[in-house]
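The structure appears below as structure tokens.
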């Protein structure tokens, strides 16, 4: 393992982690889409799945701009969050309860990404990489928007349906 000696090294490390997280999310979202029963939740997952593909491409563009190699590093945190979401997918639950659980799983993934992108934006700004900071900020805003949408769906309908068994 290479020693991290500077903020530049740490920034590259963070980007590689986020890249891995996005690639893993791309693999996870189709399963969540298939298991979601609420039409609004399914639509939200489908929209974010498409957005996640664009976010992965955006990080690839950042690697190119920064002259950094893409990485095969695995984001273990996202792997764990996805494993938990797969546990929820496999739970014996009513569709309404499963939808509430899927939202909770997706929000855990989003919160991890929000944290990572927030950090990466700050590092890019400190390093004077304004063009890269703008690209990362765009992704950060998309992740925050998805989190808000999922939160609103949970609070305004899905959690209530889970309480009442869909009635």
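Read-outs: derived from the displayed coordinates by stated rules, not from any lab. These numbers come from a predicted model, not from an experiment. All Cβ positions, glycine included, derive from the backbone under ideal geometry; neighbour counts span all protein chains shown.
Label positions at residue 93 and residue 71, each projected 7 Å from the Cα along the C-beta direction, are separated by 3.2 nm. The calculated FRET efficiency for the pair residue 104 and residue 79, based on their C-beta separation and a Förster distance of 22 Å, comes to about 0.80.
Compared with the dominant Cα axis of the chain, that is its longest principal axis, helix 39-66 is turned about 10°. Taking each residue as 0.36 nm, the span from residue 53 to residue 40 lengthens on full extension beyond its C-alpha to C-alpha distance by 2.7 nm.
Relative to the longest principal axis of the Cα atoms of the chain, the long axis of helix 76-90 lies at roughly 10 degrees. For the chain, the relative contact order works out to 29 percent when only alpha carbon pairs closer than 8 Å and six or more residues apart are counted. Potential lengthening of the chain between residue 130 and residue 159 amounts to 6.4 nm, from the contour at 0.36 nm per residue minus the alpha-carbon distance. Rounded to the nearest 10 degrees, the inclination of helix 95-126 to the longest alpha-carbon principal axis of the chain is 20 degrees. Here the extension length gained between residue 145 and residue 122 equals 6.4 nm, from 0.36 nm per residue of separation less the Cα-Cα distance.
Calculated mean residue ellipticity at 222 nm for the chain: -28000 deg cm²/dmol, from DSSP H runs with n ≥ 4 weighted as -39500 (n - 2.57), summed, divided by the residue count and rounded to 500.
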